[in-house]
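Read-outs: derived from the displayed coordinates by stated rules, not from any lab. Here the structure is a predicted model, which means the values were calculated and not measured. Quick reminder, even Gly has a Cβ in these numbers, built from the backbone with ideal geometry, and neighbours come from all protein chains shown.
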Amino acid sequence: MSEETVKYLLSEREIPTHWINLLPDLPGELLPPLNPGTLAPAGPDDLTPIFPMGLILQEVSGEPQVEIPEEVREAYKLWRPTPLFRARRLERELDTPAHIYFKYEGVSPAGSHKPNTAVAQAYENAQAGVKRLATETGAGQWGSALAFACSLFGLECEVFMVGSSYDQKPYRRSMMETWGATVHRSPSTLTESGRSQQQHPTGSLGIAISEAVEVAASRDDTNYSLGSVLNHVCLHQTVIGQEAMAQMAMAGEEPDVIIGCVGGGSNFAGLTFPFVRRVLRGEAKTRFLAVEPAACPTLTRGVYRYDFGDTVGLTPLMAMYTLGHDFVPAPVHAGGLRYHGDSPMLCGLVRAGVVEARAYRQNETFEAAVRFARSEGIIPAPEPAHAIRAMIDEAEAAREAGEARVILFGLCGHGNFDLSAYDAYLAGELEDIEFSEQEMNAALARLPEAPAIA
Ligand SMILES: Cc1ncc(COP(=O)(O)O)c(C=O)c1O
């Protein structure tokens, strides 16, 4: 057997003790969320009907780090630390001098990075005496993660699952139900929001969010839980990047470029923010590449404006790149990337030029995912297949340049429940659905009244 290491592993004692908060290091002026009625900065009072105070304080914290509660670290032990792999077989197959590393979050019970925040959110809600959580799920990964986390902390869980994913991934529903959750196909007829969106039978993350927020706002015993976008979600995910940093040090290498897929921005934030902080502090010169679907190109074609986080308009307004809150993206298989907006923190970094963004069509992402699966074994979820496509392009660029660049990417979930998408790809039946500029422009014309951003 060769001396070549493939997996870099940490012990349970090395699970991070703190989450990293990038907020105090962000360049430029902070654009606060706004109350959509008064257009004044949204304060804790705007959020208390649906979030516990513990999470609200994390959302607005200006501290550079936040301690991880002991109970959450105990729960993390069920799958953390996650492995960092060197993709040596793929390097040989691509005949590239690049060194390719990936941080694999698919080892969690739900199969993705989502439990990193789900357990933290379920814990804070349980501490606050909340009995039930309502949420949306796109790919089914977030709903599974929250169902799992609720089962750990004795909470009920109600999930609105985006219609197209509900149809494509029946076993994700079974998984959620196994952990005790109740799952509805969205748009449902159970909420006012769902009833108003029946003309979009495939649903969207924005619609499912409206349904879950409505339930949480109308029931005293129920809070809302979001799987991406918000500051506290990005914060919780920074365990990924901190571990990856320690593992890259074990490998004796520094990444030249770090790549991740972006739906709302949380896995990208989790992997990159600890590294971004070093760049913002002048301690490193890493490139960051955010990858999204061409069918939902928020960072590459959206406008930077204040917009709602959901379709119906129930949330505070956030400054972000957006395609328009009621833009309904085509039902691509990367359901977790079908979101009209993105994390305000990540959008600020893209706007400041710290993070680059790129979009790919779904056939080219599945081609890359299959290539990856055939050399590294793991079948990726359709979402990180976007990061894999970009990683292969970067590795090929390194070959052209004759440079041994170090590439790190986030393999944020496995695709074992996404095989209907692989079936369609292998049968040559996967469509590259055109992004409709016209529909985006129509949605942008309906953006809410809000102060212009300089
Ligand atoms: C496996 C996977 N990756 C990525 C995403 C996108 O979300 P985020 O950008 O918050 O990581 C999702 C969302 O559901 C997902 O399930």
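Computed quantities for the displayed model
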| quantity | calculated |
| --- | --- |
| Sorted by Cβ neighbour density within 10 Å, fewest at the top, the residues 92, 277, 338 | 92, 277, 338 |
| Among beta bridges that DSSP assigns inside the chain, antiparallel share in %, nearest 5 | 35 |
| Orphan Cys of the chain, criterion: no other Cys C-beta under 4.7 Å | 234, 261, 296, 347, 412 |
| Exposure proxy order (Cβ contacts within 10 Å, fewest to most) of 317, 133 | 317, 133 |
| Once exposed loop GluC sites (Glu not before Pro) are cut out (DSSP; at most 11 other Cβ, 10 Å), longest piece of the chain | 30-282 |
| Built amide H within the under 5 Å cut-off of residue 157, gap 5+ | 133, 182 |
| Prolate/oblate/rounded label for segment 404-454 (Cα gyration tensor, a/c 1.5) | oblate |
| 222 nm mean residue ellipticity, helices alone, for the chain (DSSP H n ≥ 4; -39,500 (n - 2.57); rounded to 500) | -12000 deg cm²/dmol |
| Gyration tensor (alpha-carbon) shape descriptor, segment 313-437, a/c threshold 1.5 | oblate |
| Assigned charges on the beta-carbon of Lys, Arg, Asp, Glu; the chain dipole about Cα centre (debye) | 420 |
| Three-way shape label, the chain, alpha-carbon gyration tensor, a/c 1.5 | rounded |
| Likely footprinting exposure, 131, 114, fewest C-beta neighbours within 10 Å first | 131, 114 |
| Of 114/169; 7/169; 77/169; 7/114; 103/131; 7/77, pairs whose Cα-Cα distance is over 24 Å | 7/169; 77/169; 103/131 |
| DSSP bridge orientation in segment 248-319 - percent antiparallel, rounded to nearest 5 | 40 |
| Dipole axis of segment 182-270 (+1 Lys, Arg; -1 Asp, Glu on Cβ), positive-most option in 249, 227, 191 | 191 |
